[in-house]
């Protein structure tokens, strides 16, 4: 448990360091608990942990200011808001294609400003027309206005980009391709495969089912019609499309349920299958940092499942979060990091109870054995994972996205069963389309059925009156209140026997 306490102290120190600064000479205060060891030798272990926690807390406070970027004339953002410039660099990731435009992350190497060339470093987010297309590894020369990212009233866009190391934006510049194929060869192959799989889905499936399959399987949402995206958002089912902690939790449930059904729980094969499946899925979605962070946290949950130690999962999750925050303190304010972390917290604390109660319900209706019981348990496990993740992130979603869905849980419950077959059949369609287009079209008929079901469920719930409403939560106190209540509820459930015994003793004492 000492790792858990130290990890929490370090993250708390990073947070406090964003609020105020401390002089370096206060760091030796961490030695204070150690001074009491000769006097309180019986509390030696506790005093050592207290000292390490105090060091971690003070270290985090002192570390945060030094982690903030320091810009000079060799940084690209030093040229922001200075008029027209020419920037040369390489497309650092697969282009983010949207319905009416494309976003490129350009890793800059040279900037020309006022007739002077300067070697620079930094990343600029560029918005360009959707056509012509660009690829990872293309070397571009772009001419336009280099700007500081704007701030919006309801969204910290500048802070959001800062968590990705982006401090400059450029809108619709003139673009010339100066070269191609300059990126990492492994990433080039991966992005090329992802592009081919996307094309296979587009050829084999009608719209909007094809675009929906690209979003669910590959995380490519640019082709999904705006009205469909809004329907998912309003019904609280957007997590079925977002490749984040919530989505990965559902994928984990799919592999766990399938593994238990086929291999049982012996030797932990079902866990290793889920681990392999989730990392293969990360490869398919392009290995974006938020997805990798979510996969790391999901893997820790699976390892805890393998060991049968939920406390180990809490400690490992806290340690992983501390390490991530240590490497990049700004992700502590990243919504995707918060959602992934809380989704995994929900899996650790809520999922075991929800699964136990759900399986108890299945057993009471159908008995303890049989195909129907196995299928029912698989559905229960999938729904328990989804519900655990939704319960954990519900207030955070409402706070950040300003919307509360009144149909989120029933819509998720009815739409969720379509997700595993969509992932499986979409993968078959995508890969078979590379070698056997006829097979892809045949399989696409089954895939289209499940996609149409998912789309019909979401649109049906969206059509209901008062399915969702906008909220304006300016204070974080309601969010903290929700999580404090959830902590109390979990603690009460886990210690219900002790509470009942205490209550019984109090009642007996009152009667006397």
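The values are calculated or read from the model by the stated rules, or taken from the named source; none is laboratory data. Computed from a prediction, not measured in an experiment: that's the story for all the values here. All Cβ positions, glycine included, derive from the backbone under ideal geometry; neighbour counts span all protein chains shown.
A compact table of results
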quantity: Count of segment 435-467 residues which are surrounded by fewer than 16 Cβ atoms within 10 Å (Cβ to Cβ) and not in a helix (DSSP H, G or I); calculated: 5
quantity: Some residue of segment 257-274 being modelled with pLDDT under 75 and buried (at least 22 other Cβ atoms within 10 Å of the Cβ); calculated: yes
quantity: Test: residue 398 is over 22 Å from residue 260 (Cα atoms), assigned to a helix (DSSP H, G or I), modelled with pLDDT of 75 or more and outside the structural domain of residue 259 (by TED's automatic domain parsing); calculated: no
quantity: In segment 468-482, residue modelled with the highest pLDDT [restricted to those that are part of a loop (DSSP other than H, G, I, E, B) and farther than 17 Å from residue 236 by Cα]; calculated: 476
quantity: Residue 361 in a helix (DSSP H, G or I), surrounded by fewer than 15 Cβ atoms within 10 Å (Cβ to Cβ) and free of Cβ contacts under 8 Å to residues at least 40 places away in the same chain; calculated: yes
quantity: The listed residue being farther than 15 Å from residue 238 by Cα and without any contact (Cβ under 8 Å) to a residue 12 or more places away in the chain, out of 204, 186, 178; calculated: 186
quantity: Entirely in segment 40-134, the strands (runs of 3 or more DSSP E) that have 2 or more residues that are crowded, with 19+ Cβ neighbours inside 10 Å; calculated: 84-91, 102-113, 123-128
quantity: Residue within segment 276-294 that is over 28 Å from residue 166 (Cα atoms) and outside any helix (DSSP H, G or I) present; calculated: no
quantity: Residue identified as crowded, with 18+ Cβ neighbours inside 10 Å, more than 22 Å from residue 378 (Cβ to Cβ) and either in the same structural domain as residue 479 (by TED's automatic domain parsing) or at pLDDT below 75 (or both) among 405, 432; calculated: 405
quantity: Complete set of residues in segment 151-180 that are in a loop (DSSP other than H, G, I, E, B) and closer than 16 Å to residue 83 by Cα; calculated: 172, 173
quantity: Check on residue 346, in the same structural domain as residue 379 (by TED's automatic domain parsing) and surrounded by fewer than 18 Cβ atoms within 10 Å (Cβ to Cβ); calculated: no
quantity: Single residue of 190, 248 found to be in a helix (DSSP H, G or I), in the same structural domain as residue 293 (by TED's automatic domain parsing) and out of contact with any strand residue (DSSP E or B) (no Cβ under 8 Å at 6 or more places or on another chain); calculated: 248
quantity: Index of the failed condition, residue 387 passing every other in (1) farther than 20 Å from residue 5 by Cα; (2) more than 17 Å from the chain's Cα centre (by Cα); (3) assigned to a helix (DSSP H, G or I); calculated: (2)
quantity: Residue 42 vs. criteria at pLDDT below 80, more than 20 Å from residue 314 (Cα to Cα) and either touching a helix residue (DSSP H, G or I) at 6+ places or on another chain (Cβ under 7 Å) or not assigned by TED's automatic domain parsing to the domain that holds residue 328 (or both); calculated: yes
quantity: Yes/no for residue 202 being assigned to a helix (DSSP H, G or I), touching a helix residue (DSSP H, G or I) at 6+ places or on another chain (Cβ under 7 Å) and within 27 Å of residue 138 (Cβ to Cβ); calculated: yes
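Yes/no per residue for (1) assigned by TED's automatic domain parsing to the domain that holds residue 354; (2) touching a residue at least 24 places away in the same chain (Cβ under 8 Å); (3) crowded, with 22+ Cβ neighbours inside 10 Å; (4) within 15 Å of residue 234 (Cβ to Cβ):
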site	(1), (2), (3), (4)
412	no, yes, yes, yes
416	no, yes, yes, no
421	no, yes, no, no
424	no, no, no, no
